[in-house]
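The block underneath contains the structure these notes are about, expressed in structure tokens.
The values are calculated or read from the model by the stated rules, or taken from the named source; none is laboratory data. Everything numeric in this text was worked out from a predicted model, so none of it was measured. Positions of Cβ are backbone-derived with ideal geometry, glycine not excepted, and every protein chain shown enters the neighbour counts.
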Amino acid sequence: MAGCTRLIASGNPDYPPYLWRDPADQGRLIGANAALMALLSVELGIPIEVRHIGSWARVQEEMKSGRIDLIAGAFLTTQRLEYMDYIRPIIATTRSVIITPPDSALNYGEWSDLVGHKGVTVIDNSFGEAFDRYAENSLSIEEVSKLDNALQMLSHRRADYLIYEDAPARAFAARLGITDLKEAKNSVSNEDLYLTLSHRSHCNTGELRGKLAQVMQRLADDKVMDGLIAGAIKQWQEQ
């Protein structure tokens, strides 16, 4: 890892308990995944700076260009494999769900139940390649820049449903004072969340990828993320 003196990480800034903007330093991201980066930094002996650089879409563009080295939390898609390496084992498994107003006539059980209804989600999100293809061909889903915008649209009945991961959606809804939303029992998809390394990062070597995988495996064996997520949920709620 000679010549690699620092790593810049980022991720989805609207993603509690995994990542969100630090109220005390708007240029920084905090949360469970940021805490994970701090542990990795110690193990690697390389500083890892977890920056807020903009929207989730912007983060992905910065990763393509190599202006950041790591994404601390991304789903696996074929398109993303073109510009970043996925480190195994995974960070966590997440659950994407359909969320509706309490009086909604939409009773979600399977993907086809969404046909004819207006959906909303956050731009450049993936819910697994199979669902993404189905949505592109069969569904009407508007993409907005931020999760709080999507939740406001749903609350004001400008969308029939929101598709997003359950933990971040609940966290943001609580912060916005939106307490009457309904979450479908059946998930749309269960997706693994990965640490990724840009193909264009000057630090991207076999040595670094191997070291990252070794450390991630040790942390997974010790179930470290369970504690980090629990701590981050408490931190978010207390802000």
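A few notes on this one:
- Of all residues in region 50-72, one or more are part of a strand (DSSP E or B), surrounded by fewer than 21 Cβ atoms within 10 Å (Cβ to Cβ) and at pLDDT 95 or above.
- Matching residues in region 198-239 - criterion: being of a type in the set (G, A, S) and surrounded by fewer than 17 Cβ atoms within 10 Å (Cβ to Cβ): G206, G210, A213, A220, G227, A230, G231
- For region 2-28, the tally of residues that are more than 25 Å from T94 (Cβ to Cβ) and surrounded by 13 or more Cβ atoms within 10 Å (Cβ to Cβ) stands at 1.
- Helices (runs of 4 or more DSSP H) wholly inside region 156-239 that include at least 1 residues being closer than 21 Å to L76 by Cβ and of a type outside the set (A, V, I, L, M, F, W, C): 166-176, 206-221
- Pairing residues of region 164-181 that are in contact (Cβ under 8 Å) with a residue 24 or more places away in the chain and surrounded by 19 or more Cβ atoms within 10 Å (Cβ to Cβ) with residues that are charged (D, E, K, R) and in a helix (DSSP H, G or I), at Cβ distances under 6 Å and at least 6 apart in sequence or on separate chains, gives F172/D148.
- Condition met for A34 (crowded, with 16+ Cβ neighbours inside 10 Å, without any contact (Cβ under 8 Å) to a residue 40 or more places away in the chain and not assigned by TED's automatic domain parsing to the domain that holds A169): yes
- Residue in region 76-106 that is surrounded by the most Cβ atoms within 10 Å (Cβ to Cβ), counting only those that are of a type in the set (S, T, N, Q) and free of Cβ contacts under 8 Å to residues at least 60 places away in the same chain: T77
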